[in-house]
Amino acid sequence: MSDHLVEAIGLSYAYPDGTTALDGASFRVAPGESVAIVGGNGAGKSTLLLMMAGLLEANAGEVRIGDVSVTPGSRDLVRRTIGFVFQDADDQLFMPTVQEDVAFGPLNLGVSAEEAASLAATALDVVGASHLADRPPYHLSGGEKRAVALAGVIAMGPNVLLLDEPTAGLDPAARRRLIKLLQAFEHTRIVATHDLDLVLDVCTRVLVMEGGRIVADGAPDAVFRDEPLLARCHLEAPLRWQG
Amino acid sequence: MSRLESALADLRLADTLASRDTALSRLDPRAKIVTTIAFLFAVVSYERHTVVALLPFLLYPVALASMGEVPWRWLARKLALAAPFAVLMGIANPVLDRTPMEVSQGVTMAGGWISFGSILLRFALTVTAALAVVAGTGMHALCAGLAALGTPRVFTAQLLFLWRYTFVLGGEGARMATAREARGGRGSPTLAVYGSLAGHLLLRAFERAERIYRAMLARGFDGEIRSVRTLRWSPRDTVFVAGWVAFFIAARAVYLPLVLGRLLTGFGG
């Protein structure tokens, strides 16, 4: 699977109230690539991620992983290939202990309890949260919750990681740890974010969204120099370039 | 902390208590479920005017609470919360049933008062036992136990969702209450404000519930909640079930109540 392209072809979606969220978004992500999706609030980033994970069906267009189209029929394959880290870790964590929560995904993929426990231990080790294994998730700090939520996804062994606002609500130290972690991953990474400094550190390519369309696609260094584009899309140059 | 928040924290204590290593939490959830069901059947099997014969059954909830190191104040608070239901169920009895009954030598009471007392006692016994089991097991382990005993998955999954969404709905409600207070809202809201708050709460809870469900789907949820914690039946569990069931049978089969009754009437005069 790891050598498969992830491809969005003419994705369109309107919410039941008629609001257009996506209006013909198309792009391709190569295996191992680290791509950021940026844009103002309501530009369609989260909708796009949900669709790529097969959690929302497009009104038109399709998502392809290699040769397979993401549909309810290919759901199992999609779950194995794509890991989705949600914006609010509290939405994701629900088992009584961290270890059980991280093992929840692997167990659903049909591995044995022992194997799931060992996958969970490895994933917790990767994110540096082994010491939290027996704690109930609702008593953790924001940064710890994010780390555990990420472990819960990578324990499933996905090839592609989708991350929705991974640094939102983190303190600077937790944000730095997360960035180091994301840099070390070899997964294909697609990150929806407002944190353009994170993009400079983690991504080699950036897609800019506006009104449900991809309006720019290129290297972060080049795209973030285009000030009229940034202003139009409710963005600002990365903080480290300012002042 | 708002009242709602502290009520939620108090409820969450059930899970926190269960995550500790106690004599009760070490038992297999199935042992606790089976024994507690036997206890419930024994307690409700008595004739409706029974009071004294039920007293030996107090031993079970007391033993559960001390094995699980469940704080008595927590149990009492939860019991008080549910008490109005029991009172409502039995309050008509003293009015409807005025037949005099002999309580002990020379003392008579209306049968209705005795059956009312019996209802309250049974309520206290059964609810305390159930609360102590939840606090000494945890909702997830309890549902795993129920599922292993053959309860349909639909039911156990629903129970877990109910538990999870109680905190979701409560958390949203607490945040809204705080926001209202922060902008100067005091006392009870007017009906119009209350309606608007309730509507927003519902919509927000819906959205949140949908995100949670999607997060579960993304990790392969297919209707069954699996856990790495496997159930293990040990000799300790057999002793627990056999010991208590033997006690319930003995308490039910005349012998214990009679002794206890004699003891009490002996003290009484």
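Some notes on this structure:
- Bridging of B:Lys32 to aspartates and glutamates at a Cα separation below 17 Å is possible for B:Asp15, B:Asp21, B:Glu69, B:Asp237, once same-chain residues fewer than 8 apart are set aside.
- Each of B:Val133, B:Leu4, B:Gly117 was scored by the projection of its Cα onto the charge dipole of segment B:1-142, and the greatest displacement toward the positive side belongs to B:Leu4; charges sit on the C-beta of Lys, Arg, Asp and Glu.
- The shape of segment A:186-243 comes out oblate: with a ≥ b ≥ c from the C-alpha gyration tensor, a/c is at least 1.5 while a/b does not beat b/c.
- Under the span-like rule (Cα at least 18 Å along the axis, Kyte-Doolittle mean at least 0.5), DSSP H helices of chain B: B:29-44, B:72-90, B:111-135, B:191-218, B:235-252, B:255-268
- Net charge of the neighbourhood of B:Ala31, taken over other residues with C-beta under 14 Å away and scored Lys/Arg +1, Asp/Glu -1, is +3.
- Most positive-pole-ward Cα, A:Leu198, A:Pro166, A:Leu181, against dipole of segment A:158-223 from beta carbon charges: A:Leu181
- q = 0.11, 0.13, 0.14, 0.16 Å⁻¹: log10 I(q)/I(0) that the Debye formula gives for chain A, counting C-alpha atoms only: -0.57, -0.79, -0.92, -1.18
- Shielding by other protein chains, A:96-109, mean Cβ within 10 Å: 5
- Given their separation in residues at 0.36 nm each and the Cα-Cα distance between them, A:Thr71 and A:Glu227 gain 52.3 nm when the chain is fully extended.
- Cut-off 15 Å between beta-carbons: net charge of the residues surrounding A:Ser118, Lys and Arg +1, Asp and Glu -1: -3
- Residue order, fewest to most surrounding Cβ atoms within 10 angstrom, among A:Ile190, B:Ile119, B:Ile114: B:Ile119, B:Ile114, A:Ile190
- Here the scattering of segment A:137-191 is modelled by Debye summation over its C-alpha atoms, one equal scatterer each and no solvent; at q = 0.28 Å⁻¹ the log10 of I(q)/I(0) is -1.31.
- Alpha carbon centroid spacing (whole Å) that separates segment A:43-118 from segment B:76-108: 55 Å
- Taking the Cα centre of segment A:6-241 as reference, the dipole from Cβ charges on Lys and Arg (+1) and Asp and Glu (-1) amounts to some 280 debye.
- Comparing Cα centroids, segment B:1-27 and segment B:112-150 end up 16 angstrom apart.
- Going from the residue with the fewest nearby Cβ atoms within 10 Å to the one with the most, A:His234, A:His131 rank A:His131, A:His234.
- Span from the segment B:158-175 Cα centroid across to the segment A:186-243 one, whole angstrom: 37 Å
- Rg to Rh quotient for segment B:116-216, alpha carbon positions, Kirkwood Rh: 1.11
- Radius 15 Å from Cβ of B:Cys143, net charge of other residues (Lys, Arg +1; Asp, Glu -1): +2
- Think of it as helices only: each DSSP H run of n ≥ 4 in chain A is worth -39500 (n - 2.57), and spread over all residues that comes to -10000 deg cm²/dmol at 222 nm.
- Computed over segment A:43-94, the range of Cα coordinates on each principal axis works out to 33, 27, 16 Å, biggest value leading.
- Hits among lysines - C-alpha to C-alpha of A:Lys145 under 18 Å, sequence gap 8 or more where chains match: A:Lys180
- Using just its DSSP H runs of length 4 or more, each adding -39500 (n - 2.57), chain B gives a mean residue ellipticity at 222 nm of -23500 deg cm²/dmol after division by all residues.
- Cβ-to-Cβ counts within 10 Å put B:Lys32, A:Lys180, A:Lys45 in ascending order as A:Lys180, A:Lys45, B:Lys32, the fewest first.
- Per residue of A:83-89, other chain Cβ atoms within 10 Å of the residue Cβ number 3 on average.
- Size of charge dipole - segment B:152-222 - debye, nearest 20, with Cβ of Lys, Arg +1 and Asp, Glu -1, no other charges: 140 debye
- Mean partner shielding of peptide B:209-217, defined as the number of other chain Cβ atoms within 10 Å of each residue Cβ, is 6.
- Estimated distance in nm for a label pair at B:Glu210 and B:Val245, the labels positioned 7 Å out from Cα along Cα-to-Cβ: 4.9 nm
- Once Rg and the Kirkwood radius are both taken over the C-alpha atoms of the protein assembly as shown, their ratio Rg/Rh works out to 1.09.
- Ordering B:13-24, B:183-194, A:13-24, B:122-133 by mean Cβ neighbour count within 10 Å, with the highest value first, yields B:122-133, B:13-24, A:13-24, B:183-194.
- Judged by the ratio a/c of the largest to the smallest principal axis of the C-alpha gyration tensor, chain B counts as oblate, that ratio being 1.5 or greater while a/b is no larger than b/c.
- Chain A: relative contact order in percent, alpha carbon pairs under 8 Å with at least 6 residues between: 26 percent
- Distant-in-sequence amide H partners of A:Leu161 (H built 1.01 Å from N, under 5 Å): A:Gly83, A:Thr188, A:Arg189, A:Ile190
- Build a GNM of chain B with springs between Cα atoms under 10 Å apart, and of B:Pro94, B:Pro29, B:Pro84 the one that fluctuates most is B:Pro84.
Just so you know, all these numbers are worked out from the coordinates, no wet-lab data involved. Because the structure is predicted, anything quoted here is derived from the model rather than measured. Cβ sites come from the backbone with ideal geometry, for glycine too, and all protein chains shown count toward neighbours.
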